[in-house]
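A short worksheet on the structure shown next.
The values are calculated or read from the model by the stated rules, or taken from the named source; none is laboratory data. These numbers were taken from a predicted model, which means no experiment stands behind them. Here the Cβ positions follow ideal geometry from the backbone for every residue, glycine too, while neighbour counts run over all protein chains shown.
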Amino acid sequence: MQSQQPQSTQEITQHVHQWLSENWDPEADLVQWRTLLAESGWGAAHWPEDYFGRGLSVEVSAAIEDVFAEFGAVGTAQTGVRMLAAATLLEHGNHEQKRQYLRRILTGEDHWCQLFSEPGSGSDLAGATTRADLDGDEYIINGQKVWNTSAHHAHYGLLIARTDWDEAKHKGLSYFILDMHQPGVEVRQLSQMNGHASFNEVFFTDARIPRENLISTAGNGWQVAMTTLAHERRSFDRSRENKRVKQKGRIFVELKKELDISNEPYTWYPQRAGRVDLVMQRAEETGAINDPVQRQEIARLHILSESAKWTAQRAKAAQKAGKPQGPEGSLGKLAASEIARLAARVHTNISANDALLTGPNSVHDGVVAEILVSVPAVSIAGGTDEIQRNIVAERVLGLPKEPRFDEGPFRNVQRNSAAKDPSK
């Protein structure tokens, strides 16, 4: 529990400035510094006081981050799936889980990955067939996951697995914290057509999860997963940048190493988003800017891009006002897909056949070619466009749900016939 603190934003930021003056040291060990931050509550001030925060509003927490930036001080770890894990634990985890995992999330000591999608059920998360069978005080895990970013260096995974085959598909799932460094867990990296290897497939063969690593209750995995996905989808309306640390000091050397590891899987994400920032430069280089038809498409692309930014800002404002995560994440993701596809088309129209070239003499050193083979991922990752449209239709427009043909016990639901039925 934190001590009594000032009430106004100005008093709080002054207090933080004073605290940084007394404690910040760029020659400190990164983990030790972040441990001090976590214990002080200033590293995640909007988190509850019992769990390494100060119980302040998101708006005040943002003002505190501004003080850190002005001071040049390093904050808590923010990259990768670890923040999805934190958001999920804060909403659904029990006291012991929060105390055990949240501090090491803030310090950056633990890497996390997300174990949701499967070869036979990508966007249909409720169709997961990885099974978790209770054996005494442990769950035995068997199955396969795919498209798992950073699983090859993760310490823990957020796992959705089926614990009850006689319940309906959405009700038979449970949500676990999985130790990735245990027997029975095999991680294989996947090569992509754009030359990167950001994703993995993960195989489970009699892997074990202690009962205390079950988040929420058995059978409530779908509701817990919705929290994780809502935060994940919101991330699609902001760019990921591999920020380089230029300040001097031991802590910045260690921070750069951390960012290089955490951001490596995302180096191609700007290309996945379509690189709208390169369009005007290329249009002027080729003279396409003088073509009235192409000029209209370029204008349309920039209008959509700016509109998406404003939508993201509204969502951020709602978050600052304390409103819960809603379907705006799906709107942002749909906008990102539309912008990426249009950007790929505009790049192709501007550069024509040259857009397909790679190598040192190609357009922007092959970046445009990488855009063309990376953009399709936006419409798939984090839930396909079709899934997002269903969410918007039902939760925003109030339209009736689509007819279902997969109700009743999941054991009886028709599934991918090419795969062995793991329920037997």
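Remarks
- Whichever residue in segment 266-288 is part of a loop (DSSP other than H, G, I, E, B) and touching a His at 6+ places or on another chain (Cβ under 8 Å) and, among such residues, is farthest from VAL378 (Cα to Cα): THR267
- From the list GLU284, GLU297, the one residue that fits, being in contact with a Lys or Arg (Cβ under 8 Å, 6 or more places away or on another chain), of a type in the set (Asp, Glu) and not assigned by TED's automatic domain parsing to the domain that holds ALA151, is GLU297.
- Selection status of GLU70, under 30 Å from the mean Cα position of the chain (by Cα), modelled with pLDDT under 95 and among the charged types (D, E, K, R): yes
- If you check ARG345, ARG341 for being closer than 29 Å to ALA126 by Cα and outside the structural domain of PHE199 (by TED's automatic domain parsing), only one passes: ARG341.
- Screening PRO119 with (1) at pLDDT below 95; (2) crowded, with 17+ Cβ neighbours inside 10 Å; (3) more than 20 Å from HIS15 (Cβ to Cβ) gives one miss only, at (2).
- Test for ALA369: is it at pLDDT 90 or above and assigned by TED's automatic domain parsing to the domain that holds ARG282: yes
- Residue match in segment 88-97 (condition: touching a Ser or Thr at 6+ places or on another chain (Cβ under 8 Å), in contact (Cβ under 8 Å) with a residue 24 or more places away in the chain and of a type in the set (A, V, I, L, M, F, W, C)): no
- Residues of segment 120-143 satisfying the condition of being in a loop (DSSP other than H, G, I, E, B) and within 20 Å of HIS170 (Cβ to Cβ): GLY120, GLY122, SER123, ASP124, ALA128, THR129, THR130
- Residues being of a type outside the set (A, V, I, L, M, F, W, C), under 24 Å from the mean Cα position of the chain (by Cα) and surrounded by 22 or more Cβ atoms within 10 Å (Cβ to Cβ) - total across segment 131-177: 8
- Looking across THR35, THR79, one residue alone is part of a loop (DSSP other than H, G, I, E, B) and either out of contact with any strand residue (DSSP E or B) (no Cβ under 7 Å at 6 or more places or on another chain) or surrounded by 14 or more Cβ atoms within 10 Å (Cβ to Cβ) (or both). It is THR79.
- If the condition is being of a type in the set (Lys, Arg) and over 21 Å from LEU255 (Cα atoms), then segment 9-55 contributes only ARG54.
- If you go through segment 281-318 and keep only what is in contact (Cβ under 8 Å) with a residue 24 or more places away in the chain, over 26 Å from ALA63 (Cα atoms) and of a type outside the set (S, T, N, Q), you end up with ARG282, ALA283, ALA288, GLU297, ILE298, ARG300, LEU301, HIS302, LEU304.
- Checked against the criterion of being more than 19 Å from ARG103 (Cα to Cα) and in contact (Cβ under 8 Å) with a residue 24 or more places away in the chain, segment 34-45 contains not a single residue that satisfies it.
- Taking every residue in segment 184-206 that is outside the structural domain of THR358 (by TED's automatic domain parsing) and pairing it with any residue that is small (Gly, Ala, Ser) and in a strand (DSSP E or B), at least 6 positions away or on another chain, the pairs with Cβ-Cβ distances below 6 Å are GLY184/ALA207; VAL185/ALA207; PHE204/GLY143.
- Residue check for ALA381: aliphatic (A, V, I, L, M) and under 30 Å from ARG131 (Cβ atoms): yes
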